[in-house]
Amino acid sequence: MNRLGFLAARTLRNEGALQRLSASQSAVLDDLAGKRIALVGNARALSETRHGAQIDAADLVIRINRAPMPLAESHGRRTDWLALAVRLGAADRARLAPARILWMSPKRKRLDWQTATSPGFYLHPLADYRALRNRLGAPPTTGAMMIDLVARSQMARLDLYGFDFFASLSLSGRRTAEQVPHDFAGESAWLRDLMLADRRIVRH
């Protein structure tokens, strides 16, 4: 598909055409198999920790959206995969330099050509988004969608950093929990149940 075809598919919401740009979900899950994964959220409280070395020691480090990294001591340095629901500026793209971008948002009109044609690009299926939204009773965060995806893989372990469900707000903006469309209490309860059912998942 060329750029013009991409723009047409995006405008017309031609999901089939857009999915042809994506790695298959089975291929993504296969790439997670056997790995110790660090999924790094954007809670401000993470800046007060010294988890950076632990994060960088993971087999695979996944960050979210613009992924602010104020301190290596708290956040680490590596970004292997980036889970996106926002457009990424050139400076952040160069700073993070992910080997794979995963577009998690159902809002396809935000997806840009550079992201859609990046190596290993993955487009999260709308059916998966809707299933999690129905389970939570609210639109899921990018972090929740990634947890849901990784938990379905044969990964060895999933360590979560920077997930406090907006208790300390986000490093990536100034909005409060009331100003975003997510149910953070619901996501927290969902994750608690998931961790009880799957001991591979640990929240720090």
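Suppose we filter Ser170, Ser153 for residues that are small (Gly, Ala, Ser), under 17 Å from the mean Cα position of the chain (by Cα) and either modelled with pLDDT of 95 or more or surrounded by fewer than 16 Cβ atoms within 10 Å (Cβ to Cβ) (or both); which single one remains? Before the answer, list the steps.
Values: Ser170 fails: either modelled with pLDDT of 95 or more or surrounded by fewer than 16 Cβ atoms within 10 Å (Cβ to Cβ) (or both).
Answer to the check: Ser153.
Take Leu60 and decide whether it is under 24 Å from Phe165 (Cβ atoms), crowded, with 18+ Cβ neighbours inside 10 Å and either in contact (Cβ under 8 Å) with a residue 12 or more places away in the chain or in contact with a strand residue (DSSP E or B) (Cβ under 9 Å, 6 or more places away or on another chain) (or both). Considered against the rule, which asks whether it is under 24 Å from Phe165 (Cβ atoms), crowded, with 18+ Cβ neighbours inside 10 Å and either in contact (Cβ under 8 Å) with a residue 12 or more places away in the chain or in contact with a strand residue (DSSP E or B) (Cβ under 9 Å, 6 or more places away or on another chain) (or both), Leu60 comes out as yes.
The values are calculated or read from the model by the stated rules, or taken from the named source; none is laboratory data. Predicted model only: the values in this text are computed from it and were never measured. Cβ: placed from backbone, ideal geometry, glycine included. Neighbour counts: every protein chain shown.
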